[in-house]
Structures are given as structure tokens and as C-alpha cells.
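Step one of this worksheet: look at the structure below.
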Amino acid sequence: LSTAILSNQYVGLCVVSLLLELNSVCLHLRKLLLLSHQAASLAFSVASWATLATLALFRLVPLGWMSLWLIRQQHQVP
């Protein structure tokens, strides 16, 4: 990210890639609930659904968008 900011190139792609990390938060919360034997709790259920939602919203959509952009702009990307 710092290289993109300092060179002022591809900052948007780097910011979008930071959205991918929001899914990691849900994954870690879910894993902590599993390790604390809270698998039958409402918190675990919410964390599981949040993990699925953030997977689709913050991982699959941005990665698909970035891949499509790179394919369309491959002649301009060094």
C-alpha cells in the first residue's frame, strides 16, 4: 500500500484489496468462538453468517472486479 501511495499509482486497487481483510476479521472471530466451545451459541451463528456475507461481498466481488479491470486494461498496465 505504501508503494502505491508513494508512487501515486494503483491506489484504488490497494484500497479495494484492504477490503479483503474484513473477511479475515469474521474468520478469526468464528475460529475463536469454536476454540472456546461456543459452537451452539447465537454469537457463533451470527459470526458464521457474517463470514459468508463478507466472503461474497468483500472477497469475491472485489477480486472479480479487479481481475476484470486487469484483463481489460492489460495493455496499459506495466
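Summary table below
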item	result
Residue in the stretch 23-52 that is farthest from Gly12 (Cα to Cα), counting only those that are out of contact with any helix residue (DSSP H, G or I) (no Cβ under 8 Å at 6 or more places or on another chain) and of a type in the set (Gly, Ala, Ser)	Ala40
Residues of the stretch 30-48 that turn out to be exposed (fewer than 12 other Cβ atoms within 10 Å of the Cβ) and outside any loop (DSSP other than H, G, I, E, B), as a count	2
Any chance Ala56 is in a helix (DSSP H, G or I) and without any contact (Cβ under 8 Å) to a residue 24 or more places away in the chain	yes
Looking only at the stretch 62-78, and only at residues there that are open to solvent by 60 Å² or more (accessible area, probe 1.4 Å) and touching a Leu at 6+ places or on another chain (Cβ under 9 Å), the one that is modelled with the lowest pLDDT	Leu63
In the stretch 16-29, the residues that are exposed (fewer than 13 other Cβ atoms within 10 Å of the Cβ) and of a type in the set (A, V, I, L, M, F, W, C)	Leu18
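The rows are residues; the columns are (1) at negative phi; (2) touching a residue at least 40 places away in the same chain (Cβ under 8 Å).
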position	(1), (2)
Val16	yes, yes
Leu32	yes, no
His37	no, no
Ala40	yes, no
Val46	yes, no
Ala50	yes, no
Val61	yes, no
Met66	yes, yes
Leu70	yes, no
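The values are calculated or read from the model by the stated rules, or taken from the named source; none is laboratory data. This is a predicted model, so every value here is computed, not measured. As a convention, Cβ positions derive from the backbone with ideal geometry for all residues, glycine included, and neighbour counts pool all protein chains shown. Please note that ligands, DNA and RNA were not included when accessible areas were found on the heavy atoms of the full protein model with its side chains. Shrake-Rupley method; radii C 1.70, N 1.55, O 1.52, S 1.80 Å.
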